[in-house]
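Reviewing the structure listed below.
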Amino acid sequence: DFNGKKVIDMGCGTGILAILAVKRGAISVIAIDNDANAVENSRDNVLKNDVANVIVLEGEAAALKDKQCDIFIANINRNIILTDLPLYKACMHAGGELITSGYYIQDLPMIQKKAQELGFEYKDHTVDKEWCCARFTL
């Protein structure tokens, strides 16, 4: 449920998840990627899809400073998620939702363990061709 929510999309790639969040009711989205081409593509796609409340930034997890959200989407590899999870948590409101993807199903136990150590509650996950998407709440 994105209605009325503030969203951060870390590792935004083409911006598709940021655009979808707005189309599903998010009031604002901050989309971040460390690849200049991905940032440019995301900005183009935001314009092409006529969504006004998406800000696309180039950077790493340091770009999260002073940002806040209700839903945090991290479509990044396992190692970056494990390293940056404390920074993701710092952005999230109590009761917020973390959606992780971009890693293999065999990596899920490591991510679950780290997330639970930080106070996240595991909710569920889906798998498609060995790729995993997991959902946690804070």
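The values are calculated or read from the model by the stated rules, or taken from the named source; none is laboratory data. Note that the structure is a prediction, hence the values are computed from the model and not measured. Glycine gets a Cβ as well: all are built from the backbone with ideal geometry, and neighbour counts include every protein chain shown. Accessible surface areas use protein heavy atoms only, side chains included; no ligands, DNA or RNA. Shrake-Rupley method; radii C 1.70, N 1.55, O 1.52, S 1.80 Å.
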Inset, instruction - Give, rounded to the nearest 20 debye, the magnitude of the charge dipole that the chain has about its Cα centre when Lys and Arg contribute +1 at Cβ and Asp and Glu contribute -1 at Cβ. - result: 280
Inset, instruction - Anything over 27 Å Cα to Cα? Flag those among 67/114; 89/123; 5/114; 23/114; 48/114; 6/114, in the order listed. - result: 23/114; 48/114
Legend entry - Positive-end residue, the stretch 33-110 charge dipole about Cα centroid, Cβ charges, pick of 88, 74, 49: 88
Legend entry - Area accessible to solvent at residue 93, 1.4 Å probe radius, in Å²: 60
Inset, instruction - Could you please state, rounded to a whole Å, how far the C-alpha centre of the stretch 39-71 is from the C-alpha centre of the stretch 4-33? - result: 7
Legend entry - Accessible area in the full protein assembly, largest first, 1.4 Å probe, for 123, 129: 129, 123
Legend entry - Percent of alpha-carbon pairs separated by more than 22 Å within the chain: 32
Legend entry - 5 Å-binned pair-distance histogram of the stretch 82-138 (Cα, whole percent): 4, 20, 35, 24, 12, 4, 0
